[in-house]
Amino acid sequence: MIDLNKFARLFETFEHSAWRLETRRGYASDREDETYREFIETGTVQWDSNSAWCRNMRHQTSQGKRVGRVRIVDAPPTTGQLYLLDNARRNAATGEDMRNLWRADADRLCLPAEDFWIFDSRQVALLNFDGDDNLVDVELISDPATVLR
C-alpha cells in the first residue's frame, strides 16, 4: 500500500505512459466538489483548465508522454458518469486520450471491475474504494505477471 501523496507523485515521475481504467458508476470525491453541484444545476461545468492536474498533464504530454483512460459507461449513464463525460473535454484539452466503453462491452471483454492506473507498463496502482465510492487506499503492484494480467 502507498499513501496518497506517493500516488500523486507517480503522475509527475512516470517516464512514458500513464493509463487508467475507470469502472465505477460515480466517485464520492466528485460529488463533494462544487463543480458537481454546478453540473447538477446546469448540465455543464466551467472547468478550471489551470488546475494543478491540468498544468501537470499539459507538462507531461508536451514531453511526448502518453496519458489516457477508458471510462466504463452504463446505458443509460449515471449522473456521476455524465459529470465525468463533461469533464472529459478538460482532460482531452490537456493532451489526455479519453475513451469511453459501454459497460456491456466491457463485460463481454471480461475487463476487470477494478479502477487502476498503469504507469510505464510496469506498475499498477490499484485504487480501492469503499461502498460509498470513497478512495480508501492505493495498492502499488510491480510484480510483472500481475501487471501483465
### Summary
Looking across segment 31-59 at residues that are under 19 Å from ALA8 (Cα atoms) and touching an Asp or Glu at 6+ places or on another chain (Cβ under 8 Å), the single one that is surrounded by the most Cβ atoms within 10 Å (Cβ to Cβ) is MET57
### Query
Applying the selection to segment 1-30, what residues are part of a helix (DSSP H, G or I), surrounded by fewer than 16 Cβ atoms within 10 Å (Cβ to Cβ) and among the charged types (D, E, K, R)?
LYS6, ARG9, GLU12
### Task
Considering each of ALA18, ALA75 in turn, give the residue that is hydrophobic (A, V, I, L, M, F, W, C) and within 22 Å of ASP143 (Cα to Cα).
ALA18
### Message
Out of the residues in segment 84-105 meeting the condition of being in contact with a helix residue (DSSP H, G or I) (Cβ under 8 Å, 6 or more places away or on another chain) and free of Cβ contacts under 8 Å to residues at least 40 places away in the same chain, tell me which one is farthest from GLU32 (Cα to Cα).
### Response
GLY95
### Task
Please find, among ALA113, ALA106, ALA92, ALA75, the residue that is among the hydrophobic types (A, V, I, L, M, F, W, C) and out of contact with any strand residue (DSSP E or B) (no Cβ under 7 Å at 6 or more places or on another chain).
ALA113
## Note on the structure
Of the candidates ASP30, ASP86, ASP74, ASP48, the one satisfying the condition of being among the acidic types (Asp, Glu) and closer than 22 Å to ALA125 by Cα is ASP30
### Task
Go through (1) closer than 26 Å to PRO77 by Cβ; (2) free of Cβ contacts under 8 Å to residues at least 24 places away in the same chain one by one and return the number of the condition ASN50 breaks.
(1)
#### Entry: Boolean, LEU101 is in a helix (DSSP H, G or I), within 28 Å of THR44 (Cα to Cα) and of a type outside the set (Val, Ile, Thr)
no
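Every residue, every condition in (1) under 26 Å from ASN5 (Cβ atoms); (2) part of a helix (DSSP H, G or I), yes or no:
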position: ILE72; (1), (2): no, no
position: LEU85; (1), (2): no, yes
position: ARG90; (1), (2): yes, yes
position: ALA106; (1), (2): no, yes
position: GLU139; (1), (2): yes, no
position: ALA145; (1), (2): no, yes
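Where a number appears in this text, it was derived from the coordinates with a stated rule and is not lab data. The structure presented is a predicted model; accordingly, all values stated were derived computationally and were not measured. We place every Cβ from the backbone using ideal geometry, glycine too, and count neighbours over all the protein chains shown.
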